[in-house]
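Written out below as structure tokens is the structure these notes cover.
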Amino acid sequence: MRTQPLFDRQTTLVLSLLTIAAILVPAMNGLVPRGSALHLSDHLVPLLGKYVCLALLALSVDLIWGFCGILSLGHGAFFALGGYAMGMYLMRQIGARGVYADPVLPDFMVFLNWKELPWFWHGFEWFPFAALMVLLVPGALALVFGWFAFRSRVTGVYFSIITQAMTFALMLAFFRNDMGLGGNNGLTDFKELLGFPVQAGSTRIVLFVLSVLALACGYLLCRWAVGSTFGKVLVAVRDAESRTRFLGYRVEHYKLAVFTLSAMLAGVAGALYVPQVGIINPSEFAPANSIEVVIWVAVGGRGTLAGAILGALLVNAGKTWFTAALPEFWLFALGGLFVFVTLFMPRGMIGAAGDLWERSSQRLRAGRSPEPATHAAE
Amino acid sequence: MTVPVTPTLLYLDNVTVSFDGFRALNALSLAIDHAEMRAIIGPNGAGKTTMMDVITGKTQPNEGTALFEGTHDLTALDETAIAELGIGRKFQTPTVFELHTVEDNLLLALKNKRGPLATLLSRRTNREQERIDSLLERVRLPAQRHRRAGELSHGQKQWLEIGMLLAQEPKLLLIDEPAAGMTDQETADTADLLRDIAKSKGVIVVEHDMSFVRALGAKVTCLHEGSVLAEGSLDAVSANERVVEVYLGR
């Protein structure tokens, strides 16, 4: 009756694949000569980096939805807030190199005739502060939002709806120019990150590797959390909430803890995403974005962690291909995929693969030994 | 309230709960002693489940007093706080964590620190292991320890849930229809188990099966329309004319 080992088969596989990606992508881009079939062109590196960030976002959704049954349809908001925190740092790094060459004010503020920096922009010129905000701003929002929602026992579809409302409200707010965050256009024209030019190939390689590292750390953190007794309580809340309460657990504290942790992971994903795509604007708060994340998790396999990563990578790669080849069909394909997975693979790709594996290994065992399979004490 | 106002373990006085004018409990009064077993009988809608809801904090009464150990006002506490005081509840339909193993179900129920940080950093100790082993023995599930609770038979789930209650080390157990869906042998075994538990803890059993109630050998309270109709030994209560009329049938 040990708790699950931290390095089970799935974890080893995920970490190995991520390590391979972190080595192969830079090598294929930097070492393989241009023109070779194995060469990875420069524009693909940030694209892959973007997928990895989205995989981290999917992981954060799987942690709460897959293990605690909290279906957030507003996780894009935490991702976008982390992105904005990073964007604010990048804006302050532009300095006098902006179009209006103001040493302090970002271009959009000069354009709006603002005379001084709003109070909440102070500190963002300093990277450690910005990095802290990447965690604290999404975390604080999740804490306050979750405290009200979970204390009032808002669950199920009602919770999902208010998370949609939350991200929609934030989108409307961020669209306004007087929010002081670039309004409609958002934050863009970034120059440098910690002194490195953000457009440079080498910076993008480093950002890709950092994204993979963040995903690996996020995965390990989630795996550790769900493998602990804490994780067993989360599953207990998911499957029989009132039973958990009658056992003496403060269900709302558990939900709040895991929701806040998840929001912080989403924030980190957003912060790594922004320098790689070069822009953050209010459309990242769009309710549809958050719904898409849930589809990735469902496709990969809810409650498996690895499934969230797999689903995010595959669906986004599919999206890139589709929107180039058959742009008008992408939403139909995505909708069709969701319906297909819900009907025929309710446990997602990882679940379906696991069932196949189980069945074939059972057949193997049945063929090899005449005794019936017993529940081995492991 | 630091000085106990009553020596009894559980003290309900004049408790009334109404839902949209319907009085689920109507000035109900009941007292349960330490290490006492009490069987509650009564027709459907008599208020048996509502009474359990009031005791466990799921429902707030409109009026009345509910005291635990003479000092704790149950009407002011929620489910979690009441569970921590030492009141365990078994639901009518067995409610276990179906996807967790039998062992993990007991582990989650063990009397331990319940906060998120404590469970995140907790490590399995030998003492916990021994406790789980002895509980598995007591509810006769050692062979099923690694199976998922959802794979157990109905009767085994009932027993697992009783095991989870014991793991909480409560002072009072509320048990709703433990014999429902059990074979005759399982029913007899369950009565033995509950009698054994009642040697050291207060136990309230809600049950319809009169032969099971007889096997419990406990004082019986018959509820009707939200208040106590009769109280006493099973024979005395069964002989009560009103009880025969509203519940046992003519």
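For chain A, the longest principal axis of the alpha carbon atoms and the long axis of helix A:348-368 meet at an angle near 30°. Using DSSP, restrict attention to beta bridges with both residues in chain B and report what percent are antiparallel, rounded to the nearest 5. Of those bridges, close to 55 percent are antiparallel.
The HN-Hα couplings worked out from phi for the stretch B:28-45 by the Karplus form 6.51 cos²θ - 1.76 cosθ + 1.60 (θ = phi - 60°) are 6, 10, 7, 9, 10, 8, 4, 6, 10, 9, 10, 9, 10, 10, x, x, 4, x Hz, whole numbers, x standing for Gly and Pro. May I ask for the angle, rounded to the nearest 10°, between helix A:44-68 and the longest principal axis of chain A, with both axes built from Cα atoms and the value confined to 0 to 90°? Rounded to the nearest ten degrees, it is 50.
Provide the FRET efficiency to the nearest 0.05 for the A:W224-A:L172 pair, computing r from the beta carbons and using R0 = 35 Å.
On the way: r = 38 Å, r/R0 = 1.08.
The value I calculate is 0.40.
A protection proxy built from the mean count of other Cβ atoms within 10 Å ranks the segments B:84-90, A:340-346, most packed first, as B:84-90, A:340-346.
Over the whole of A:227-233, what's the average partner chain Cβ count within 10 Å per residue? Rounded to a whole number, please. Don't jump to the answer; show the numbers that get you there.
On the way: counts 0, 5, 14, 8, 2, 9, 6.
Neighbouring Cβ atoms belonging to other protein chains average 6 per residue here.
With K and R counted +1 and D and E -1, the other residues having a Cβ less than 11 Å from that of A:E192 yield a net charge of +3. On a 0 to 90° scale, report how tilted helix B:126-138 is relative to the longest principal axis of chain B, with both axes built from alpha carbons and the result rounded to the nearest 10. Its long axis makes an angle of about 50 degrees.
Using the beta-carbon distance between A:V110 and A:D355 and R0 = 45 Å, what value does 1/(1 + (r/R0)^6) give for FRET efficiency, to the nearest 0.05? Spell out each step's value before the answer.
Working: r = 60 Å, r/R0 = 1.32.
Computed FRET efficiency for A:V110 and A:D355: 0.15.
For the segment B:117-128, counting C-beta atoms of other chains within 10 Å of every residue's C-beta and taking the mean gives 3.
Report, in listed order, any pair from A:K255/B:K199; A:K232/B:K58; A:K232/B:K48; B:K111/B:K219 with a Cα-Cα distance greater than 27 Å.
Those over the limit are A:K255/B:K199; A:K232/B:K48; B:K111/B:K219.
On the principal axes of its alpha-carbon atoms, the stretch B:95-169 has extents of 34, 22, 20 Å, going from largest to smallest. Between B:A76 and B:H208, the modelled label-to-label distance comes to 3.9 nm, taking each label 7 Å out from Cα in the direction of the beta carbon. The simple spin-label model puts a point 7 Å past each Cα toward its Cβ; for A:W119 and B:L120 those points are separated by 3.1 nm. Applying the Karplus relation 6.51 cos²θ - 1.76 cosθ + 1.60 with θ = phi - 60° to the stretch A:327-336 yields 3J(HN,Hα) values of x, 6, 9, 4, 5, 5, 4, 5, x, x Hz, where x marks Gly and Pro.
Here chain A is described by how far its Cα atoms reach on the three principal axes: 81, 59, 41 Å, from widest to narrowest.
Distance between the C-alpha centres of the stretch B:211-250 and the stretch B:1-44: 16 Å, rounded to the whole angstrom.
Readers should treat all values here as calculations from the given coordinates under stated rules, not as data from a laboratory. What you see is a predicted model; the values in this text were computed from it and never measured. Because the Cβ atoms are built from the backbone with ideal geometry, glycine has one as well, and the counts that use them run over all protein chains shown.
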